[in-house]
Amino acid sequence: MYANPEKKLSLETRKKTLLEIANDLKRFGDDVKSRIAIKQINEAKNQSELNTAIDPMTLIDVSINPESRVKISSTNSKITLAPNESRFFVIRIDNTAGITATLNLSPIDLATDPPALAKWCTIEVVNDLIFSNHFSGKKQEYKLMKITPKFAGLKEIRISGDAGQGTQDLGFRATADLLLEVNSKEN
């Protein structure tokens, strides 16, 4: 389950990875942000400029400490979506433990008492021929996540994440709250 984590990805390797992600986001329909990111990634001269290029497409950061505890933080407090339309975002991962488990994300509806799994929204880590929902064991990596709301309205969810049994961080740091503004198509 554990792999040797790489110290740091080279600038060119990271550029290549981020270009693949930006091109895939473009394929999934986020054309404007993707085009801007692709231009910025190509022009980046250091890691900081690469981070700046990918930041607008990143929704959550996942950090896995040496004890394999998963911590999640949101890079955005509110996003706008459309009902029954999937939108894709980048997950930026710092995998200090070097684990290779599956990243699991769940939407929790904060409007219910007690909070429960959101039946009106799905969140998943993309797992297809190009992307995997498994960690690679590398120290830094990126994943794609897909959010699909079913109904219009202003809703708050808590994204809960883990990488298998025993990896939830103590102190509820494996969650990130997010406000979803789901606009009807008529607006």
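A few remarks follow.
- The simple spin-label model puts a point 7 Å past each Cα toward its Cβ; for residue 119 and residue 96 those points are separated by 4.0 nm.
- Shape summary of the chain, radius of gyration then Dmax from alpha carbon positions: 16.5, 51 Å.
- Computed lengthening from residue 43 to residue 156, 0.36 nm per intervening residue step minus Cα-Cα distance: 37.0 nm
- Spacing of the modelled spin labels on residue 79 and residue 112, each 7 Å from Cα toward Cβ, amounts to 2.1 nm.
- In straight-distance terms, cross-link reach from residue 119 covers every one of the lysines whose alpha-carbon lies under 17 Å from its own, apart from those fewer than eight places away in the same chain; here that gives 146, 150, 155.
Read the figures in this text as sums done on the coordinates, not as results from a lab. What you see is a predicted model; the values in this text were computed from it and never measured. Methodologically, a virtual Cβ is constructed for each residue, glycine included, from the backbone with ideal geometry; neighbour enumeration extends over all protein chains shown.
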